[in-house]
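Taking it in order: structure first as structure tokens, then the write-up.
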Amino acid sequence: MKFLNKISYKNIAYLFSCAIFFILTSCEEDLTKNKGNQSKNFPSQIINNANIIQRDSGFIVLKAKAPIIEKYELIDSPYTVARKGIDIQFFDKKKPKIPGTIKAKYAKFFDYKQFYEAKGNVRITTNEGQKFAMQSIFWDQRKKRIYTKDTVYVTMEDGSTLVGANGMTAKDDFSEYTFYNNSGDFSSKRISENKK
């Protein structure tokens, strides 16, 4: 009888250890399956109180400030986002001491496409003194074009105003632009200069 008890305890212990082994290996398999399905769309870099300076051949071409910048690099289409706003100064070699500015409540940059978007109370001032106001704007850096479908309010350096009710397209240096369904208040001197 004692021999049977010893055998049954050994069998129970053996069966119990096998059961634990199978439970643990099945849990490990489930964990690996779950990890494969997890989202990788989280920031790989976070910069607080960002102060970025970009140079080209020693010349400062851009200065950017933002409360927080997040870089998402672990996905198929990497991007950088400034969720709490951004303030950018851009410099032109023709007028290096007078920067243009872009301010927005939100900005996003798609790395591979070289495509920017800015949203929320967007304000642009060129180094010529023109002021643009709109709710969103998009910049295709490869094509060197800026565009929006929002209403655009422009104040020229002489105080005249222009409203593009259905948006605008422009070169990225604002040397030329087209407004859609526009109206405005221009001085007669400026119109006569443009006709010459």
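Structure above, values below:
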item: Filtered residues of the stretch 70-90 (kept if part of a strand (DSSP E or B) and either β-branched (Val, Ile, Thr) or within 18 Å of Ser44 (Cα to Cα) (or both)); result: Glu70, Lys71, Tyr72, Tyr79, Thr80, Val81, Ala82, Ile86, Ile88
item: Residue check for Phe90: open to solvent by 30 Å² or more (accessible area, probe 1.4 Å), modelled with pLDDT of 90 or more and in contact with a strand residue (DSSP E or B) (Cβ under 6 Å, 6 or more places away or on another chain); result: no
item: Residue among Tyr106, Tyr116, Tyr112 that alone is of a type in the set (Ser, Thr, Tyr) and crowded, with 19+ Cβ neighbours inside 10 Å; result: Tyr116
item: Residue in the stretch 91-103 that is over 29 Å from Asp158 (Cβ atoms) and part of a loop (DSSP other than H, G, I, E, B) present; result: no
item: Any hit, the stretch 160-173, residues being open to solvent by 60 Å² or more (accessible area, probe 1.4 Å), touching a Gly at 6+ places or on another chain (Cβ under 6 Å) and in contact (Cβ under 8 Å) with a residue 24 or more places away in the chain; result: no
item: Strands (runs of 3 or more DSSP E) within the stretch 146-186 that include 1 or more residues farther than 21 Å from Phe115 by Cβ, of a type in the set (Phe, Trp, Tyr) and in contact with a helix residue (DSSP H, G or I) (Cβ under 6 Å, 6 or more places away or on another chain); result: none
item: Residue pairs meeting the criteria (Cβ under 6 Å; at least 6 apart or on separate chains; first of a type in the set (S, T, N, Q), in the stretch 112-124; second at pLDDT below 90 and open to solvent by 40 Å² or more (accessible area, probe 1.4 Å)); result: Gln114/Gln141; Gln114/Arg142
item: In the stretch 166-185, residue modelled with the lowest pLDDT [restricted to those that are charged (D, E, K, R) and within 16 Å of Thr126 (Cα to Cα)]; result: Asp173
item: Qualifying residue in the stretch 70-79 (condition: under 21 Å from Thr169 (Cα atoms) and buried (at least 16 other Cβ atoms within 10 Å of the Cβ)); result: no
item: Any pair with Cβ under 7 angstrom, 6 or more apart, that starts in the stretch 90-103 at a residue that is in contact (Cβ under 8 Å) with a residue 24 or more places away in the chain and ends at one that is open to solvent by less than 40 Å² (accessible area, probe 1.4 Å) and outside any strand (DSSP E or B); result: Asp92/Asn127; Lys95/Asn127; Ile98/Asn127; Pro99/Asn127; Gly100/Thr126; Gly100/Asn127
item: Breaking point among (1) touching a strand residue (DSSP E or B) at 6+ places or on another chain (Cβ under 6 Å); (2) surrounded by 14 or more Cβ atoms within 10 Å (Cβ to Cβ); (3) not acidic (Asp, Glu), for Gln130; result: (1)
item: Only one of Tyr116, Tyr112 that is outside any loop (DSSP other than H, G, I, E, B), modelled with pLDDT under 95 and not small (Gly, Ala, Ser); result: Tyr116
item: Members of the stretch 55-69 found to be of a type in the set (Gly, Ala, Ser) and surrounded by 12 or more Cβ atoms within 10 Å (Cβ to Cβ), listed by number; result: Ala64, Ala66
item: Residues (open to solvent by 30 Å² or more (accessible area, probe 1.4 Å) and within 21 Å of the chain's Cα centre (by Cα)) located in the stretch 141-159; result: Gln141, Arg142, Lys143, Lys144, Arg145, Tyr147, Lys149, Asp150
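The values are calculated or read from the model by the stated rules, or taken from the named source; none is laboratory data. These numbers come from a predicted model, not from an experiment. Here Cβ is always computed from backbone atoms with ideal geometry, including for glycine, and neighbour counts include all displayed protein chains. SASA here: full protein model, heavy atoms, side chains in, ligands and nucleic acids out. Shrake-Rupley method; radii C 1.70, N 1.55, O 1.52, S 1.80 Å.
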